[in-house]
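Notes to accompany the following structure.
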Amino acid sequence: MPVQLYHHKLSAPARVVRIVAKQIGLSLEEKEIDLLSGEHMKPEFLAINPFHCVPTLVHDGFALWESRPICTYLVDKFAHGHSLYPTDLRKRATIDRWLYWDSGTFFSSLKAYYMPAIPGKSFQPEAAELFKKNASALDESLKNTKYVAGDKLSVADISITVTVTLSTAIGIDTSELKNVQKWLKQVETDLKPSTWQTLVIDPANGLADLLKSMASKSS
Ligand SMILES: N[C@@H](CCC(=O)N[C@@H](CS)C(=O)NCC(=O)O)C(=O)O
């Protein structure tokens, strides 16, 4: 059975899943959902995911949404024991901690900055300050470890990399965070060839351009 992934090419959480799949050599049947025209609200997609968000995975009749559990499911199912999400309970718990932090705190603070632009309002500078505070905490933590959860690249690095690179694309400057910058270079090196440009940088810039055009319409 093919593993299907409903996604949008500019969606940050969907890109995290696509990068993880590529790292473990898993070929996905990618099905693009046009969020801008409201395809995600059509009955066909709502029947798969009543929460109408991408990424949504369908594997053998099993539907799963939320990017981070999709990533850990894929590694466990198709690359069990891989260092991206190892089986050791404490290593796994540490990775989970970073995934939850990204979802609940870090990426959330970035969304608070840019989401108001989507209905045509403006970016929220005070949310950018909170994001930068969170990025500084990440920088502090990366003083002690090569990767966010220890000495090996994990799904948490991929998730957080997508968050940081999107923030840069939309104009939040974290270039002074030297540990973060060094870690990003390391992640870039560790990703499979062409991934950095095609699944990290280009779509982050694409989303940034879209957001800027939407935000500017309100002024
Ligand atoms: N926490 C979710 C966020 C998913 C999400 O917000 N996806 C956006 C695209 S980036 C979406 O599908 N928006 C349309 C909607 O939720 O109706 C995840 O990590 O998968």
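The values are calculated or read from the model by the stated rules, or taken from the named source; none is laboratory data. Since this is a predicted model, take the numbers as computed values, not measurements. Using ideal geometry, Cβ is built from the backbone for each residue, glycine included, and neighbour counts are taken over all protein chains shown.
So the check is Cβ under 6 Å with 6+ separation or different chains; which pairs have a first residue in segment 19-36 that's assigned by TED's automatic domain parsing to the domain that holds residue 73 and a second one that's within 16 Å of the ligand (Cβ to nearest atom) and among the charged types (D, E, K, R)?
As it stands, the answer is 33/39, since those pairs meet every condition given.
Looking only at segment 96-146, how many residues end up being touching a Phe, Trp or Tyr at 6+ places or on another chain (Cβ under 7 Å) and farther than 30 Å from residue 212 by Cα?
1
Quick test of your reading of the structure: residue 49 fulfils all but one of (1) over 20 Å from residue 198 (Cβ atoms); (2) out of contact with any strand residue (DSSP E or B) (no Cβ under 7 Å at 6 or more places or on another chain). Name the failing condition by number.
(2)
Has segment 49-64 got any residue that is more than 12 Å from the ligand (Cβ to nearest atom) and in a loop (DSSP other than H, G, I, E, B)?
Yes, segment 49-64 contains a residue that is more than 12 Å from the ligand (Cβ to nearest atom) and in a loop (DSSP other than H, G, I, E, B).
State all residues of segment 1-48 that are assigned to a strand (DSSP E or B), under 18 Å from residue 204 (Cβ atoms) and within 11 Å of the ligand (Cβ to nearest atom); if no residue qualifies, say none.
Across segment 1-48, the qualifying residue is only 7.
What number of residues within segment 55-67 are surrounded by fewer than 23 Cβ atoms within 10 Å (Cβ to Cβ) and more than 12 Å from residue 26 (Cβ to Cβ)?
Of the residues in segment 55-67, 8 are surrounded by fewer than 23 Cβ atoms within 10 Å (Cβ to Cβ) and more than 12 Å from residue 26 (Cβ to Cβ).
Condition check: of a type outside the set (Ser, Thr, Tyr) and within 20 Å of residue 162 (Cβ to Cβ). Does residue 39 satisfy that?
When the stated conditions are applied, residue 39 does not pass them.
Which helices (runs of 4 or more DSSP H) sit wholly inside segment 119-219 and have at least 2 residues that are charged (D, E, K, R)?
In segment 119-219, 125-141, 178-190, 202-217 are the helices (runs of 4 or more DSSP H) which contain 2 or more residues that are charged (D, E, K, R).
Could you list, in sequence order, all residues of segment 195-213 that are within 15 Å of the chain's Cα centre (by Cα) and either at pLDDT below 95 or among the acidic types (Asp, Glu) (or both)?
If the condition is that a residue be within 15 Å of the chain's Cα centre (by Cα) and either at pLDDT below 95 or among the acidic types (Asp, Glu) (or both), then 202 is the only one that fits.
I'd like to check something: does segment 76-98 contain any residue that is within 11 Å of the ligand (Cβ to nearest atom) and under 21 Å from residue 156 (Cβ atoms)?
No, that holds for no residue.
Which of the residues that make up segment 185-218 are surrounded by 12 or more Cβ atoms within 10 Å (Cβ to Cβ) and in contact with a Gly (Cβ under 9 Å, 6 or more places away or on another chain)?
Result: 192, 208, 212, 214, 215.
List the number of the failed condition for residue 151; all other conditions in (1) more than 19 Å from the chain's Cα centre (by Cα); (2) more than 24 Å from residue 73 (Cα to Cα); (3) exposed (fewer than 13 other Cβ atoms within 10 Å of the Cβ) hold.
Residue 151 satisfies all of (1) more than 19 Å from the chain's Cα centre (by Cα); (2) more than 24 Å from residue 73 (Cα to Cα); (3) exposed (fewer than 13 other Cβ atoms within 10 Å of the Cβ) except (2).
Restricting to segment 101-118, name every residue that is in contact (Cβ under 8 Å) with a residue 24 or more places away in the chain and either in a strand (DSSP E or B) or among the charged types (D, E, K, R) (or both).
Within segment 101-118, just 102 meets the criteria.
Are any residues in segment 187-212 under 17 Å from residue 22 (Cα atoms), in contact (Cβ under 8 Å) with a residue 12 or more places away in the chain and of a type outside the set (Val, Ile, Thr), and if so, which ones?
188, 190, 191, 192, 199, 203
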